[in-house]
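Notes for the one structure printed next.
The values are calculated or read from the model by the stated rules, or taken from the named source; none is laboratory data. In this text, all values refer to a predicted model and were calculated from it rather than measured experimentally. Don't worry about glycine lacking a Cβ; one is built from the backbone with ideal geometry, like all the others, and counts go over all protein chains shown. Accessible surface areas use protein heavy atoms only, side chains included; no ligands, DNA or RNA. Shrake-Rupley method; radii C 1.70, N 1.55, O 1.52, S 1.80 Å.
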Amino acid sequence: MLTIALIYPELLGTYGDGGNALVLAERARRRGFDSEIVNVGIADEVPDAAIYLLGGGEDGPQRLGADLLRASSFAARVRDGNFVFAVCAGLQLLGTSFSVEGDDEYEGLGLVDATTTRGETRSVGELLVRVDGRALVGFENHGGRTTLGEGVEALGAVEVGRGNDGTVDGFRTPELWASYAHGPVLAMNPWFADKVLGRALGRELDPLVTVADQLYDERVATLAR
Amino acid sequence: MPRETPFRDDVAKGAVRTVNLLSRLASRGSGTVIGGRVGLAIAPGLLTNLARGRDVVLVSGTNGKTTTTAMIAAGWGSRVATNDTGSNMPEGLVAALVASKSRAVVLEVDEAWLSDVARATRPRVIALLNLSRDQLDRANEVRQIAERWRALLADLSDVTVVANANDPLVVYAAELAPNVAWCDVPTPWTTDAVSCPRCTKPLTFADDSWWSDCGFAKPQVLVTTDGGPLIVRGTPLAVDLQLPGAFNEANAAMALTALSFVEVDLQDALERVNALSSVAGRFSLRQWRGHKLRLLLAKNPAGFASMLSTLKSDGVDVWVAINARVADGRDPSWLYDVPFELLRGHRVYCFGDRRLDLATRLDFANVAYVVVTDESALPKSSDVINVLANYTAFQEWRARTKAC
């Protein structure tokens, strides 16, 4: 059974981020793997899972989410090797610190050396990131500017949009993958969804043909124009 | 004696009329926004002068603005100045106030503009329907809007706020206002208010109440309808709407409550609201290339969830049209917040600029779908097909169809 744990969807799910859980569960199921989505509510214990998903959130909920996760077993489970895919606010709170409202700095979970300060402008628009030679497309909407510590690998190079800082987007450590492409980024990028799913299942996956392939081609063509 | 209208305002009002007329003659849309823009540029205080001495009711919120405004306009029973074109920013409001001199005024106002408009028009009543995620690429955070409303209402005297007591963000916005009529209306969508707007701790929802540890809680209601007959400030009203859905009952309750504060007889108003069968082309039967269609506007997750819940599980095809233009919000991520799983058992035809995003969403929901590339090949049916469309897609479908 592949358990996909969606962390605090009521706090971190502003932009349809729950879609990522649905996509992973369906792509696994259609290949014959049993899968389940566990919605981890704010009053729940963080369960064991093959993958944790963190979404985006507004400033207040993001702070609450960070506080609740800090008090939970989440960090210990990640240090034990559990896998996380995070977007947007989820990306920010995995790092050492983040600033949201005003310039007040909040403590992150410190699972990766990444610091988020408030950017001069909010970044709202299409995002295209080159990941392992392929285009990852999505939409970003955030006010953060994330600086990665020395030795922390970015997820990819930004070709359209801002991502972390206009140059690179997200980060990738053995346990943590993260991008500023929010919402259903895994729906729009089937090849990347399978990369995430393959990491969670611990195996390579054969291609799966769905209408999402057409959507991906259309978005890449639109953004490349 | 009314205050003397400055000469510049007269020029501006004339300009609004002239430009609107020219715009309509040139067939450039319905010609309300352009004229208003010219008028505002000539006289920035125009809205204030146009509203002076009139009974102004403002309606704002994420969903139901247009319908509730139409209900108030219909229920009032006299001539009413209203922006029934849906242009709900200052230009559209100016145009509506120039077009009609009626003392009675009801205007739907874009959430982000409410503060400016309320300060300019000094309304007698403001109805606040709900607040949820909508076009997040523009008005990015729902809570920022709640904060702006809160600052406005704490500051504005002589106004009665008619507010939804079941929406914590609306309650947060209105709780400091001196006069509030809290309405207990059906509000299924509270996903955007899980954490307390005051202290950010989790809110608890139970039975017909909700509260936070900090003391922030559902207020005492003056108007009830949730699960029972409508009682507006002690007066029971037999609501029997032509318009479908629980969300329209909520809109009617808010509309009638607003009317009770501008001295309209409630029983008379009720009859007129009950009789309303279509609002700005919504809910009405239309025809197109031999198909019989009912157009339903749904622009965001809460609106879509409400509309989907009104569909019968009769297996009849459903058409859905999605765009992601500026007026829609350019980010269609919200499709994953819509419970499209409710459409299982129907076949869904996907239209609009973002039909592949929709088809992908439906595919993951295991709903049967068809991506429409050739509109002449659509199957003919004697059934009335429900067409759910978001903002600009709805306008397109309204323009291409005719009344039955």
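Can you go through A:T146, A:T121 and tell me which one is at pLDDT 95 or above and either surrounded by 14 or more Cβ atoms within 10 Å (Cβ to Cβ) or over 26 Å from A:A71 (Cα atoms) (or both)?
Matching residue, one of A:T146, A:T121: A:T146.
Check off (1) of a type outside the set (G, A, S); (2) out of contact with any strand residue (DSSP E or B) (no Cβ under 6 Å at 6 or more places or on another chain); (3) more than 30 Å from B:A73 (Cβ to Cβ) for B:R355 and give me the number that stays unchecked.
All conditions are met except number (2).
Kindly indicate whether any position in the stretch B:75-94 is open to solvent by less than 10 Å² (accessible area, probe 1.4 Å) and of a type in the set (D, E, K, R).
No, every residue in the stretch B:75-94 fails to be open to solvent by less than 10 Å² (accessible area, probe 1.4 Å) and of a type in the set (D, E, K, R).
Can you find, within the stretch B:372-400, the residue that is most open to solvent (accessible area, probe 1.4 Å) among those that are within 24 Å of A:G16 (Cα to Cα) and not polar (S, T, N, Q)? Show your work before the answer.
At the first step, the residues of the stretch B:372-400 found to be within 24 Å of A:G16 (Cα to Cα) are B:387-394.
Adding the requirement that they be not polar (S, T, N, Q) leaves B:387-389, B:391, B:393-394.
Values: B:V387: 2, B:L388: 0, B:A389: 1, B:Y391: 65, B:A393: 1, B:F394: 14 Å².
For the stretch B:372-400, the residue satisfying everything is B:Y391.
So B:L335 clears everything in (1) open to solvent by 10 Å² or more (accessible area, probe 1.4 Å); (2) within 14 Å of another protein chain (Cβ to nearest Cβ) except one condition, right? Which one?
Unmet for B:L335, out of (1) open to solvent by 10 Å² or more (accessible area, probe 1.4 Å); (2) within 14 Å of another protein chain (Cβ to nearest Cβ): (1).
Can you tell me which residue among B:Y369, B:Y349 is open to solvent by 50 Å² or more (accessible area, probe 1.4 Å) and either more than 10 Å from chain A (Cβ to nearest Cβ) or at pLDDT 95 or above (or both)?
B:Y369
Given the conditions (1) under 19 Å from B:Y336 (Cβ atoms); (2) of a type outside the set (D, E, K, R); (3) in contact with a Ser or Thr (Cβ under 9 Å, 6 or more places away or on another chain), and given that A:A193 satisfies all but one, which numbered condition is not satisfied?
In the conditions (1) under 19 Å from B:Y336 (Cβ atoms); (2) of a type outside the set (D, E, K, R); (3) in contact with a Ser or Thr (Cβ under 9 Å, 6 or more places away or on another chain), A:A193 misses (3) alone.
Check B:V109, B:V159, B:V180 and return the single one that is away from chain A (no Cβ under 14 Å), open to solvent by 10 Å² or more (accessible area, probe 1.4 Å) and modelled with pLDDT of 95 or more.
Result: B:V180 is the single residue among B:V109, B:V159, B:V180 that is away from chain A (no Cβ under 14 Å), open to solvent by 10 Å² or more (accessible area, probe 1.4 Å) and modelled with pLDDT of 95 or more.
Which of the residues belonging to the stretch B:207-248 are open to solvent by less than 80 Å² (accessible area, probe 1.4 Å), more than 17 Å from B:S260 (Cα to Cα) and hydrophobic (A, V, I, L, M, F, W, C)?
The answer is B:W210, B:C214, B:F216, B:A217, B:L241, B:L243, B:A246, B:F247.
Going through the stretch B:183-206 one residue at a time, which ones are of a type outside the set (V, I, T), under 12 Å from B:A250 (Cβ atoms) and open to solvent by 20 Å² or more (accessible area, probe 1.4 Å)?
Keep residues of the stretch B:183-206 that are of a type outside the set (V, I, T), which gives B:183-184, B:186, B:188-189, B:192-193, B:195-199, B:201-203, B:205-206.
Of the ones still in play, those that are also under 12 Å from B:A250 (Cβ atoms) are B:183-184, B:186, B:188-189.
B:P186, B:P188, B:W189 - these are the residues of the stretch B:183-206 that are of a type outside the set (V, I, T), under 12 Å from B:A250 (Cβ atoms) and open to solvent by 20 Å² or more (accessible area, probe 1.4 Å).
Could you tell me whether A:L69 is more than 22 Å from A:L186 (Cα to Cα) and either open to solvent by less than 20 Å² (accessible area, probe 1.4 Å) or not hydroxyl-bearing (S, T, Y) (or both)?
Considered against the rule, which asks whether it is more than 22 Å from A:L186 (Cα to Cα) and either open to solvent by less than 20 Å² (accessible area, probe 1.4 Å) or not hydroxyl-bearing (S, T, Y) (or both), A:L69 comes out as yes.
Residues in the stretch A:16-30: is at least one touching an Asp or Glu at 6+ places or on another chain (Cβ under 7 Å), within 20 Å of A:F171 (Cα to Cα) and aliphatic (A, V, I, L, M)?
no
Would you confirm, using the coordinates I've provided, whether B:S115 is within 30 Å of B:S277 (Cα to Cα), more than 14 Å from chain A (Cβ to nearest Cβ), open to solvent by 10 Å² or more (accessible area, probe 1.4 Å) and in contact with a Lys or Arg (Cβ under 8 Å, 6 or more places away or on another chain)? I'd like the intermediate steps shown before the answer.
Working: within 30 Å of B:S277 (Cα to Cα): no; more than 14 Å from chain A (Cβ to nearest Cβ): yes; open to solvent by 10 Å² or more (accessible area, probe 1.4 Å): yes; in contact with a Lys or Arg (Cβ under 8 Å, 6 or more places away or on another chain): yes.
No: the conditions fail for B:S115.
Can you name the helices (runs of 4 or more DSSP H) wholly within the stretch A:7-81 that have at least 3 residues being within 19 Å of B:D337 (Cβ to Cβ), touching a residue at least 40 places away in the same chain (Cβ under 8 Å) and within 18 Å of the chain's Cα centre (by Cα)?
Details: elements: A:19-29, A:59-70, A:74-79.
Because the criterion is at least 3 residues that are within 19 Å of B:D337 (Cβ to Cβ), touching a residue at least 40 places away in the same chain (Cβ under 8 Å) and within 18 Å of the chain's Cα centre (by Cα), the helices (runs of 4 or more DSSP H) in the stretch A:7-81 that meet it are A:19-29, A:59-70.
Which condition number in (1) buried (at least 23 other Cβ atoms within 10 Å of the Cβ); (2) part of a loop (DSSP other than H, G, I, E, B) is the one that A:L93 fails?
The single condition A:L93 does not satisfy is (2).
Find the residue count for the stretch A:163-190, including only residues that are within 14 Å of another protein chain (Cβ to nearest Cβ) and of a type outside the set (A, V, I, L, M, F, W, C). Working first, answer last.
Quick first cut of the stretch A:163-190, residues within 14 Å of another protein chain (Cβ to nearest Cβ) only: A:179-190.
From what's left, of a type outside the set (A, V, I, L, M, F, W, C): A:179-180, A:182-184, A:189-190.
Of the residues in the stretch A:163-190, 7 are within 14 Å of another protein chain (Cβ to nearest Cβ) and of a type outside the set (A, V, I, L, M, F, W, C).
Within the stretch A:93-113, can you find the residues that are out of contact with any helix residue (DSSP H, G or I) (no Cβ under 7 Å at 6 or more places or on another chain) and more than 14 Å from chain B (Cβ to nearest Cβ)?
If the condition is that a residue be out of contact with any helix residue (DSSP H, G or I) (no Cβ under 7 Å at 6 or more places or on another chain) and more than 14 Å from chain B (Cβ to nearest Cβ), then A:L94, A:G95, A:T96, A:S97, A:S99, A:D103, A:E105, A:E107, A:G110, A:D113 are the ones that fit.
If you go through the stretch B:167-178, how many residues are assigned to a loop (DSSP other than H, G, I, E, B), under 23 Å from B:P229 (Cα atoms) and over 17 Å from the mean Cα position of the chain (by Cα)? Write out each step before concluding.
Step one: of the stretch B:167-178, the residues assigned to a loop (DSSP other than H, G, I, E, B) are B:167, B:175-178.
Okay, now just the ones that are also under 23 Å from B:P229 (Cα atoms), so B:167.
Filter again for over 17 Å from the mean Cα position of the chain (by Cα), leaving none.
Qualifying residue count for the region: 0.
Please go through the stretch A:7-57 and give me each residue that is at pLDDT 95 or above, surrounded by fewer than 24 Cβ atoms within 10 Å (Cβ to Cβ) and within 8 Å of chain B (Cβ to nearest Cβ), ordered by number.
Of everything in the stretch A:7-57, those that are at pLDDT 95 or above, surrounded by fewer than 24 Cβ atoms within 10 Å (Cβ to Cβ) and within 8 Å of chain B (Cβ to nearest Cβ) turn out to be A:L22, A:E26.
Quick check on A:E140: is it out of contact with any Asp or Glu (no Cβ under 6 Å at 6 or more places or on another chain) and more than 30 Å from B:F205 (Cβ to Cβ)? Step through it out loud before you land on a result.
Working: out of contact with any Asp or Glu (no Cβ under 6 Å at 6 or more places or on another chain): yes; more than 30 Å from B:F205 (Cβ to Cβ): yes.
When the stated conditions are applied, A:E140 passes them.
Can you name the number of the only condition in (1) under 29 Å from B:P332 (Cβ atoms); (2) without any contact (Cβ under 8 Å) to a residue 60 or more places away in the chain; (3) of a type in the set (S, T, N, Q) that A:N141 fails?
Just one mismatch for A:N141, condition (2).
On the basis of being surrounded by fewer than 20 Cβ atoms within 10 Å (Cβ to Cβ), among the hydroxyl-bearing types (S, T, Y) and without any contact (Cβ under 8 Å) to a residue 40 or more places away in the chain, does A:T116 make the cut?
Spelling it out, it is not the case that A:T116 is surrounded by fewer than 20 Cβ atoms within 10 Å (Cβ to Cβ), among the hydroxyl-bearing types (S, T, Y) and without any contact (Cβ under 8 Å) to a residue 40 or more places away in the chain.
Under the condition of being at the interface with chain B (Cβ under 9 Å from one of its Cβ atoms) and either touching a residue at least 12 places away in the same chain (Cβ under 8 Å) or within 14 Å of the chain's Cα centre (by Cα) (or both), which residue from the stretch A:191-215 is surrounded by the most Cβ atoms within 10 Å (Cβ to Cβ)?
Start the filter on the stretch A:191-215 by keeping residues that are at the interface with chain B (Cβ under 9 Å from one of its Cβ atoms), which leaves A:210-212, A:214-215.
Next, from what is left, pick out any that are either touching a residue at least 12 places away in the same chain (Cβ under 8 Å) or within 14 Å of the chain's Cα centre (by Cα) (or both): A:210, A:212, A:215.
Working: A:T210: 19, A:A212: 27, A:L215: 25.
The residue in question is A:A212.
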